[in-house]
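Below is one structure, written out as structure tokens, with a few remarks after it.
The values are calculated or read from the model by the stated rules, or taken from the named source; none is laboratory data. All figures in this text were calculated on a predicted structure; none of them were measured in a lab. Glycine gets a Cβ as well: all are built from the backbone with ideal geometry, and neighbour counts include every protein chain shown. Side chains are part of the model used for accessible areas, which takes the heavy atoms of the whole protein and leaves out ligands, DNA and RNA. Shrake-Rupley method; radii C 1.70, N 1.55, O 1.52, S 1.80 Å.
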Protein chains: 2
Amino acid sequence: MRAVILAAGQGYRIRLLSKGKPKCLIRLLGLTILERILYACRGAGVREFLIILGFEGERIRRFLGDGSRLGVKIFYIPCPDWEKGNGVSLHAAKRYIRRGEKFLVLMSDHLIQPELLQRFVEEAAACPRSLMSYDEKLGELPNMKEATKVRIGSRGDILGVGKGLRRYGGVDCGVFAFTPLIFKCLEEAFAINRFTLSDGLNFLIRRRAIRGFHIGNFYWQDIDSRLDLSIARYKILSRLNTGKEGWVSRVINRRFSNQITRRLINYNITPNMVSISSFLVAIVSAILFILKMPFYAGLIAQFSSILDGVDGELARAKFLVSPFGGYMDSILDRYADLFLIFGMSSYVYSRQPTGTVLLISFLALMGAPMSMLCKERFYSAFGLPFIPDQMDGWTRHLPANRDGRLFIIMVSGILNQVLYGLLALGIITNFQTLYRLFSVKRMKLKTTD
Amino acid sequence: MRAVILAAGQGYRIRLLSKGKPKCLIRLLGLTILERILYACRGAGVREFLIILGFEGERIRRFLGDGSRLGVKIFYIPCPDWEKGNGVSLHAAKRYIRRGEKFLVLMSDHLIQPELLQRFVEEAAACPRSLMSYDEKLGELPNMKEATKVRIGSRGDILGVGKGLRRYGGVDCGVFAFTPLIFKCLEEAFAINRFTLSDGLNFLIRRRAIRGFHIGNFYWQDIDSRLDLSIARYKILSRLNTGKEGWVSRVINRRFSNQITRRLINYNITPNMVSISSFLVAIVSAILFILKMPFYAGLIAQFSSILDGVDGELARAKFLVSPFGGYMDSILDRYADLFLIFGMSSYVYSRQPTGTVLLISFLALMGAPMSMLCKERFYSAFGLPFIPDQMDGWTRHLPANRDGRLFIIMVSGILNQVLYGLLALGIITNFQTLYRLFSVKRMKLKTTD
């Protein structure tokens, strides 16, 4: 599917903020709004774009070029009459759309959650009619007066669109999928001197040719003011975590990692650099253990754990998620774990050189890679991702994931009870592996029944 | 796709061997030939069977029941006239085949390589005409006189079928996919008093309604004599290895593991029992190291390595491959490795209690799970299996896979150079992990270019 992006409007109210450039070129957490839209589309499988230019269009063209920098193809369509209304802007795309082609239409100043776009594109591809997104979370909208309201029928049909609508169930989020019929509808609106997209939509509605797409809990944000920008920033940052983290990550690390991500995001720092830094910080912690400074070693280990969350957040925030990044991060994490346990063992053994200490160290070393190993092997054996929260029974509360393990290391370092830390690690990790072996066996029986 | 299995014939020549029971019930490496055919079909996605019964049909019905024991559905069709010819047997299925249904036809006394059936079913599903398999490896056939010859046209069409054919390029392997047109062709043959399947085939050929499927290097075996049984046994055993093993496995272990598999196969021993035994044997080896008996420990470690090949062979030979089996085997192998290295370290440290020994032990422990970890994580990151032979460059010759590592352990134990064994393990495994990190990075660049 191709996408048409309406980037002709001026954005009066935000003009001071944007210093005379089109508002879609305002930076938001290291990327312009328009780049965020293009990347989100790319993630949904959209690779070709028609961008409608009006106000300061040359700046947009100069900034994005042919799109190869972003891994997409961009074609620009100037629209001299853009000031008449955004319906006129969209109509400028008419002669570039193929017969019967279903295409996306997005606003260049609407931030859209990437996952929302993905679902929307899937649904649009399956739906023969046009599709428009709407948001029912009306309580969260700061400026209802300016919003384009939408009335939705009981079967998901759109019954009316407009700013002045008095009965409505949702608000237009500016994400559409159209068939070329929209151009005919726009022309009908032009004929009665109405030039906005909403006017065209109402002719489409009269034909019963458009259905609604309820966005549920996904976020979007029309950016019209400084306040909108702050809200957008908050929305992006608060959805950077995958939800698959352990509880230490959720309760403690995330507060810090979000702050760090927010600060790093404006610099030219890649997620892979952060992964390597997290690894090096863990090595420093291991060395501090060896140098008999468990207190600082523990703190530094926890810092490494926090940084281990930053790489993923940064990658998602800047659309830099890559298979290699995840791969390298996993391998480095395993080495970091093992070096940390080695450091702890050296520390304890230097004060207490007994066989018991060596045995406990061995147990901890043995268990360290097992959590990941079980999960990965489960995926390759059964073709399903291993989801600890669903599959680990009551053991999901054990701090056996990486965030939990590093937390144990921190606590044992700070309290100078490193041997007990090793013991806890050894017991928890190996016990969970054993538990998983049996629980997977049971799961398998359930499947074949 | 459903399958019709012709199990009505008597098998004169083999009668002594089969003691009066139908020859498809002769045991071959722990399973009857008919069970092997059903399992192979199940592996190719075929779950419903129509079995044509004639000679001693009740014994077959009693043995297989409704098929639920094998995870399939079986429907039996008695054919009183089976002695006329196998065309009559097949014709008995006519009223159970739906209009336009494409169905498989197999001989109950032809052993077929499971992978052959898989490919054949895929091809048959894609081909609108009937399909029959043929084998061009004529040099390997012991009894050309009895074989049904096939003449193949330049475009893969079948031009003629028969025992007496003088010009031919291949031999019929007894694997067919038919449309219901075959019944009409059989009736045309019956009308001129010809009752074999070959006669029906020739009417199908006259309509240009059948194409050939070249089986390439896959094996099959018509079982007619004691010699055929031995050949079949050899063919099964020689294809039990996946080809993904390391060179120690290929050159050394396989000779022993094949022999063990061959002996275990007639007992009620599951692959999972063998996996657990292999694990326990490794633990014994670790204990022998701790008890300062490196020579025996080394030998026992190698025995564990051999057993580690038996579970997979046994699973494939008895159609018992299961995701859980592979999962458990992987986890147990990792623990076995770590215990072995722990045993070796204890042995060395008891004679040489230095920090260097501990450091080397740590390196070896650290590297032990990394080989598998890299491969599994690669699969989940890139969606492709990691193939060491293609992706490890020159390091594929290093003994870094499990068979190689256990071989190092054996040699170092036998020569009583356990410290060097640990050192070699530590260097090789960690070096290969590092190498993989960089080579995967390069691979990724190639993909995005």
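The Cα center of the range B:311-358 and the Cα center of the range B:252-289 differ in position by 13 Å.
Calculate the mean, over all residues of peptide A:317-328, of how many other protein chain Cβ atoms lie within 10 angstrom of the residue's Cβ.
Details: counts 0, 0, 0, 0, 0, 3, 10, 12, 2, 4, 11, 7.
Taking all residues of A:317-328 together, the mean is 4.
A Förster radius of 41 Å, combined with the Cβ-Cβ distance separating A:Glu140 from A:Met273, puts the computed FRET efficiency at roughly 0.70.
Could you tell me whether the range A:240-448 comes out rounded, prolate or oblate from its Cα gyration tensor? Rule is a ≥ b ≥ c as square roots of the eigenvalues, rounded for a/c under 1.5, then prolate if a/b exceeds b/c, otherwise oblate. Verdict is oblate for the range A:240-448. Dipole of the protein assembly as shown computed with +1 at Lys/Arg Cβ and -1 at Asp/Glu Cβ about the Cα centre; of B:Ile428, B:Pro323, A:Met328, farthest Cα towards the positive end is B:Pro323.
Springs between Cα atoms under 10 Å define the GNM used for chain B, and in it the highest mean-square fluctuation of B:Gly43, B:Gly65, B:Gly139 occurs at B:Gly139.
Could you please state, rounded to a whole Å, how far the C-alpha centre of the range A:365-437 is from the C-alpha centre of the range B:152-202? What the calculation gives is 62 Å, centre to centre. Stretching the chain fully between B:Val321 and B:Thr242 yields a gain of 27.2 nm (0.36 nm per residue, less the alpha carbon separation).
Positive-end ranking of A:Ser68, A:Leu359, B:Ile287 along the dipole of the protein assembly as shown, with charges on Cβ about the Cα centre, is headed by A:Ser68.
Given the alpha-carbon gyration tensor of the protein assembly as shown, what are the semi-axes of its equivalent ellipsoid in whole angstrom, ordered largest first, with each equal to the square root of 5 times an eigenvalue? Intermediate values should be presented prior to the final figure.
Values: eigenvalues 648, 455, 92 Å².
Each semi-axis is the square root of five times an eigenvalue, giving 57, 48, 21 Å.
The label point for A:Gln417 and the one for A:Phe295, both projected 7 Å from the Cα toward the Cβ, are 1.8 nm apart. Taking all Cα pairs closer than 8 Å and separated by 6 or more residues, the relative contact order of the range B:1-125 comes to 38 percent. Among A:Asn266, A:Asn202, A:Asn143, the residue with the largest mean-square fluctuation in a Gaussian network model of chain A, with springs joining Cα atoms closer than 10 Å, is A:Asn143.
Once whole DSSP H runs in chain B are found, which of them have Cα atoms spread over 20 Å or more along the helix axis and a mean Kyte-Doolittle score of at least -0.5?
On the way: long enough: B:271-290 (29 Å, 2.05); B:294-317 (34 Å, 0.55); B:323-351 (43 Å, 0.27); B:418-448 (45 Å, 0.60).
What comes out of the filter, once short or polar helices are dropped, is B:271-290, B:294-317, B:323-351, B:418-448.
Give me a single rounded figure for B:371-379: the average over its residues of other chain Cβ atoms within 10 Å of their Cβ.
6
Solvent-accessible surface of chain A, averaged per residue with a 1.4 angstrom probe and all protein chains in place: 45 square angstrom. For the range B:41-124, the Cβ-based charge dipole about the Cα centre amounts to some 340 debye (Lys, Arg positive; Asp, Glu negative; other atoms uncharged).
Run the numbers on chain A and let me know its relative contact order in percent, using alpha-carbon pairs under 8 Å that are six or more apart.
Numbers: 730 pairs, mean separation 58.5, N = 449.
That works out to 13 percent.
Take the accessible area of chain A alone and of chain B alone, subtract that of the pair, and you get about 3900 Å² summed over both chains, using a 1.4 Å probe. Between B:Ile283 and A:Tyr234, the FRET efficiency estimated from the beta carbon spacing at R0 = 45 angstrom works out to 0.25. Projecting label points 7 angstrom from Cα along Cα→Cβ for A:Gln259 and B:Lys163 puts them 8.9 nm apart. Relative to the Cα centre, the charge distribution of chain A, modelled as +1 at Lys and Arg Cβ and -1 at Asp and Glu Cβ, gives a dipole magnitude of about 820 debye. Alpha carbon centre of the range B:49-67 versus the range A:80-127: separation in Å? Result: 63 Å between the Cα centres. Once all protein chains are placed together, B:Glu146 keeps about 90 Å² accessible to a 1.4 angstrom probe. In the range B:373-415, whose amide N lies under 17 Å from the spot 7 Å out along Cα-to-Cβ of B:Arg351? List them in ranges. B:409-415, by backbone N distance to the label point. Take every Cα pair under 8 Å whose residues are at least 6 apart in sequence, average their separation, divide by the length of the range A:2-236, and the relative contact order is 23 percent.
Whole-percent P(r), chain B, all Cα pairs, 20 Å bins from 0: 22, 43, 27, 8, 0.
The mean number of partner chain beta-carbon atoms within 10 angstrom of a residue's beta-carbon across peptide A:352-363 is 2. Counting protein heavy atoms only, the protein assembly as shown has 57 percent of its accessible area on carbon and sulfur, 1.4 angstrom probe.
Label the range A:227-307 by shape, choosing from rounded, prolate and oblate, from the square roots a ≥ b ≥ c of the eigenvalues of the Cα gyration tensor; if a/c is under 1.5 it is rounded, and otherwise prolate applies when a/b is larger than b/c, oblate when it is not.
On the way: a/c = 2.78, a/b = 1.94, b/c = 1.43.
Taking the square roots of the gyration eigenvalues as a ≥ b ≥ c, the range A:227-307 is prolate.
Let me spell out the model: positive unit charges on the Cβ of Lys and Arg, negative unit charges on the Cβ of Asp and Glu, origin at the Cα centre of the range A:141-217. What dipole size does that give, in debye rounded to 20?
Details: 13 positive and 6 negative charges, 66 e Å.
Dipole magnitude for the range A:141-217 comes out near 320 debye.
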